[in-house]
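The values are calculated or read from the model by the stated rules, or taken from the named source; none is laboratory data. Here the structure is a predicted model, which is why all the values come from computation and not from measurement. Glycine also receives a Cβ, built like all others from the backbone with ideal geometry; neighbour counts cover every protein chain displayed. These accessible areas exclude ligands, DNA and RNA; they are computed on the full protein's heavy atoms, side chains included. Shrake-Rupley method; radii C 1.70, N 1.55, O 1.52, S 1.80 Å.
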Amino acid sequence: MSSSRVLVLNSGSSSVKYQLLDMSDGSRLAVGLVERIGEESSRLKHTPLSTGETRGFTAAIPDHDAALKAVAAELAKDGLGLDSPELVAIGHRVVHGGKHFTEPTVIDDTVLAEIERLIPVAPLHNPANLTGIRTARALRPDLPQVAVFDTAFHTTMPESAARYAIDVKTADEHRIRRYGFHGTSHAYVSRATAELLGKAPEEVNVIVLHLGNGASASAVRGGKCVDTSMGLTPLEGLVMGTRSGDMDPAVIFHLMRVGGMSADEIDTLLNKKSGLIGLCGDNDMREIRRRIDEGDEEAQLAFDIYIHRLKKYIGAYYAVLGRVDAIAFTAGVGENAAPVREAAVAGLEELGLVVDGELNAVRSDAPRLISPEYARVAVAVVPTDEELEIATQTYALVKAS
Ligand code: ADP
């Protein structure tokens, strides 16, 4: 039997999401997650794809070590144990790789130290990712473990896009620059879009709109990212489910001086209580559309602000790229919300952008075009698959070394 299994781990501060893939054909063998780690009522959900039946339990899982051991036990019940010789590597999603990590990287102590050094720029994510890596290494010290960074795809951005126009010395001292996130998704979707057009990634310029609860846009020229909407942190750019995206930075001083708010309070306001939820109380696009259909003006305004920003980024990245071959919508909203796709492109006929109403209304899990054949720029819906991309990059690296 060939050895081609890769376990993908996405470790959050109180959760671990996992997928076991067979890279001989990219198929899933098992998927699952552990939530509320450290609480009394932690929950594990596990689905072996052989049966498709989800099972799990609710019980106290005190830490990531216990969580991973519980996952290993579930996998073993399906004959997919982590001690199997068929498992060739573990691929970890790591949110922040700074400037340093431009590629997926086999993890050793030096790499761990560098990920740790980046904690000040990713205080929420990197510590959780590190815990996941350390736990997995303790469980299978002999197995190659690979870090796949959310920022890596964006390291090709030119300095003109990556730098903020602030004092250079201060910026460098604090490693303040635009790193971008969702890179694994932007890489996967831009490549899959080229494939959909029957072209090599080097031949096409694509604007990728990753619209999930977090949302980001990227401008990809010939397979390389030249600009992206998230910055030092995922707060910059588009209007998101709970994040404000772009804003006059002086709002922050104003809230401090006039509103008497602390840095942490403003951080929470802008990251967790803004965006769609701040504007209308809902961050789920389905609910917002339902309210709009009932004539809710607050929901309509939230939608309009969301679309206005999205459209501005389409225009900006059109200008950055000069020539655009395709615009690709992806993630929860991008893949499912036809009204968002229609509204984002409405009125941009002069730029060669048109959406066909019938094609846009089709629901499907497959990558597809929603622009009419005559359109100068292809508009595509391309479901993202970050786990497959992490597994693919991990497997390629392990095979090559
Ligand atoms: P993330 O990975 O950032 O948490 P997802 O990419 O899973 O997010 O996207 C989640 C969002 O997708 C939900 O908050 C919701 O707004 C949107 N969404 C999911 N399904 C639909 C749908 N059928 N119609 C409209 N929006 C949807």
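Odds and ends about this structure:
- Any chance HIS186 is touching a Ser or Thr at 6+ places or on another chain (Cβ under 7 Å), part of a helix (DSSP H, G or I) and crowded, with 20+ Cβ neighbours inside 10 Å: yes
- Count of residues meeting criterion [in contact with a His (Cβ under 7 Å, 6 or more places away or on another chain) and small (Gly, Ala, Ser)] in the stretch 42-85: 1
- Any hit, the stretch 192-199, residues being of a type in the set (Asp, Glu), farther than 23 Å from THR105 by Cβ, open to solvent by 40 Å² or more (accessible area, probe 1.4 Å) and more than 16 Å from the ligand (Cβ to nearest atom): yes
- Some residue of the stretch 366-383 being closer than 30 Å to PRO158 by Cα, in contact (Cβ under 8 Å) with a residue 12 or more places away in the chain, among the β-branched types (Val, Ile, Thr) and assigned to a helix (DSSP H, G or I): no
- Subset of the stretch 59-117 (residues that are under 12 Å from LEU130 (Cα atoms), open to solvent by less than 20 Å² (accessible area, probe 1.4 Å) and among the hydrophobic types (A, V, I, L, M, F, W, C)): VAL94, VAL95, ILE107, VAL111, LEU112, ILE115
So that you can scan it fast, the table gives a plain yes or no per residue for (1) surrounded by 17 or more Cβ atoms within 10 Å (Cβ to Cβ); (2) farther than 21 Å from ALA250 by Cα; (3) small (Gly, Ala, Ser); (4) modelled with pLDDT under 95:
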{"site": "VAL168", "(1), (2), (3), (4)": "no, no, no, no"}
{"site": "HIS182", "(1), (2), (3), (4)": "yes, yes, no, no"}
{"site": "LEU209", "(1), (2), (3), (4)": "yes, yes, no, no"}
{"site": "GLY231", "(1), (2), (3), (4)": "yes, no, yes, no"}
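- Restricting attention to the stretch 266-286, the residues that are open to solvent by 60 Å² or more (accessible area, probe 1.4 Å) and within 16 Å of the ligand (Cβ to nearest atom) add up to 4.
- Per-region count, the stretch 311-348, residues under 23 Å from ALA192 (Cβ atoms), more than 16 Å from the ligand (Cβ to nearest atom) and open to solvent by 50 Å² or more (accessible area, probe 1.4 Å): 3
- Answer residue from the stretch 28-58, given it is outside any strand (DSSP E or B) and among the small types (Gly, Ala, Ser) and is surrounded by the fewest Cβ atoms within 10 Å (Cβ to Cβ) among those: GLY52
- Filtered residues of the stretch 93-128 (kept if of a type in the set (Gly, Ala, Ser), assigned to a helix (DSSP H, G or I) and within 17 Å of the chain's Cα centre (by Cα)): ALA128
- Which listed residue, of ASP246, ASP267, ASP282, is farther than 28 Å from LEU353 by Cα and not in a helix (DSSP H, G or I): ASP282
- When ALA299, ALA217, ALA263 are screened for being away from the ligand (no atom under 12 Å from the Cβ), open to solvent by less than 50 Å² (accessible area, probe 1.4 Å), more than 23 Å from the chain's Cα centre (by Cα) and modelled with pLDDT of 95 or more, only ALA299 passes.
- Answer from THR58, THR47 - the residue that is touching a Gly at 6+ places or on another chain (Cβ under 8 Å) and either farther than 22 Å from SER401 by Cβ or touching a residue at least 40 places away in the same chain (Cβ under 8 Å) (or both): THR47
- Check on LEU388, more than 13 Å from the ligand (Cβ to nearest atom) and in contact with a Phe, Trp or Tyr (Cβ under 8 Å, 6 or more places away or on another chain): yes
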